[in-house]
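The values are calculated or read from the model by the stated rules, or taken from the named source; none is laboratory data. Computed from a prediction, not measured in an experiment: that's the story for all the values here. When we count neighbours, we look across all protein chains shown, and the Cβ atoms used for this are built from the backbone with ideal geometry, even at glycine.
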Amino acid sequence: MAYEVTIGIPVYNVEKYIRQTLDSALEQTFPNIEFLICDDCGTDSSISIVKEYQLQHPRGKDIRIVKQPKNGGVGAARNRIIDEAKGSFLFFMDSDDSIEPCTIELLVEHQRRTNADIVFGSYDKIETYNNNKVIESYQYPFVELNGEDQLAGYAYRTYGCFQASSCNFLISVTFLRSANLRFIKANYWEDMAFMFELVTYCRHAVLLPNITYHYMCRYNSLSNYQQRATIRKKEIQQNIATVEWIKGCCTKTKDRIFQPQRCNIVMMTDFYVLCNILKNKKKLDSPFTLAEMKSIMRHPMTLSEILKMKTLRIHNLVFYMLGVLPSFLSVMLVFCAGKYKKLI
């Protein structure tokens with residue numbers, strides 16, 4: 001059967017949340033949707049619940065399950081979804097989040113109107129901790145970005161206001177496959193790495209102010225480890241490894257107009273990571289050495305390349321110096337800057 005849209009959901013040990021996610025997906029007002037579930041070889045009853053919906057829900061015939069050969073993580077599951085999707089357009093969901101009933105209809109409407117490669121909705125981030133719920137909304141203005149580097153320029157200029165998640169946008173499957181965009185093998189921040197690359201390829205995008213997605217950030221989740229009593233050094237190192245991968249990709253875009261902003265964002269991310277290490281050093285199960293901390297601040301560009309930048313030259317020079325100064329001095333300066341910004 002030909003579908004206009006595939007909703008792709010990686011599933012791994014989410015039996016507590018998968019019903020809410022499936023309900024919100026299956027309640028979509030848009031009729032022509034494939035619900036593609038990637039079974040990442042979990043050990044609970046998540047997939048049994050999905051199969052129950054296949055049998056009992058009026059849209060059950062549109063639910064398709066593909067099983068991974070072994071547990072490979074959310075990035076590998078999303079790559080499988082890209083390969084398997086039968087829809088002309090793809091919409092990723094996480095298996096513990098929810099969407100508004102009109103989400104797909106709204107995104108498709110704007111895609112048809114503009115012929116955009118990608119249409120983003122706005123979203124809520126819902127933090128849950130000790131039975132308390134805090135909701136923070138992230139709303140875009142209505143923006144249509146058409147032309148090379150327009151989306152990348154917007155995303156890098158508005159760092160902190162542009163999503164690092166691979167969910168909550170409708171994207172052309174043909175575009176995804178022809179650009180060979182893939183998720184890296186990582187347990188942490190694979191979304192951010194994917195989005196850093198995606199925006200550099202896309203020529204036509206639409207951003208909507210409508211809240212279409214509800215992103216759940218749960219205590220003890222991979223994305224929320226900072227609130228734990230103990231933090232494993234290995235987890236932070238995996239975050240750092242993802243940023244290092246992004247730095248490696250910066251060499252491909254060194255002549256693009258957005259490069260100063262892109263480098264500045266990558267280095268700001270490293271700065272925040274190092275501030276978190278310094279802030280939570282008593283929670284770490286193993287300490288970072290000064291040399292390890294300084295290495296986080298390595299700039300992806302050479303000094304001569306930074307000096308040729310037409311914007312943000314000073315910002316990037318400061319970050320470059322933090323990566324080449326003696327370890328003690330580099331970490332001390334980051335500590336002082338973090339204290340000044342109230343990050344430590």
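Taking the stretch 9-51 as the range and being closer than 13 Å to Ser98 by Cα and surrounded by 15 or more Cβ atoms within 10 Å (Cβ to Cβ) as the test, the residues that pass are Ile9, Tyr17, Ile18, Arg19, Gln20, Thr21, Leu22, Ser24, Ala25, Leu26, Gln28.
Scanning the stretch 189-203 for residues that are outside any helix (DSSP H, G or I) and buried (at least 20 other Cβ atoms within 10 Å of the Cβ) yields Trp189, Cys202.
Just to verify a result, which residue in the stretch 1-58, among those that are in a loop (DSSP other than H, G, I, E, B) and of a type in the set (D, E, K, R), is farthest from Leu106 (Cα to Cα)?
Of everything passing the filter in the stretch 1-58, Asp44 is farthest from Leu106 (Cα to Cα).
For the residues Met293, Met301, the requirement of being closer than 25 Å to Lys234 by Cβ and surrounded by 15 or more Cβ atoms within 10 Å (Cβ to Cβ) singles out Met293. Regarding Glu109, is this residue surrounded by fewer than 22 Cβ atoms within 10 Å (Cβ to Cβ), at pLDDT 95 or above and either of a type outside the set (Gly, Ala, Ser) or within 17 Å of Phe183 (Cα to Cα) (or both)? Here the answer is yes, as Glu109 does meet what is asked. Scanning the stretch 246-283 for residues being surrounded by 17 or more Cβ atoms within 10 Å (Cβ to Cβ) and of a type in the set (Phe, Trp, Tyr) gives a total of 2.
Go through the stretch 112-138 residue by residue and tally those that are surrounded by 21 or more Cβ atoms within 10 Å (Cβ to Cβ) and within 29 Å of Ile65 (Cβ to Cβ).
So the count comes out to 6.
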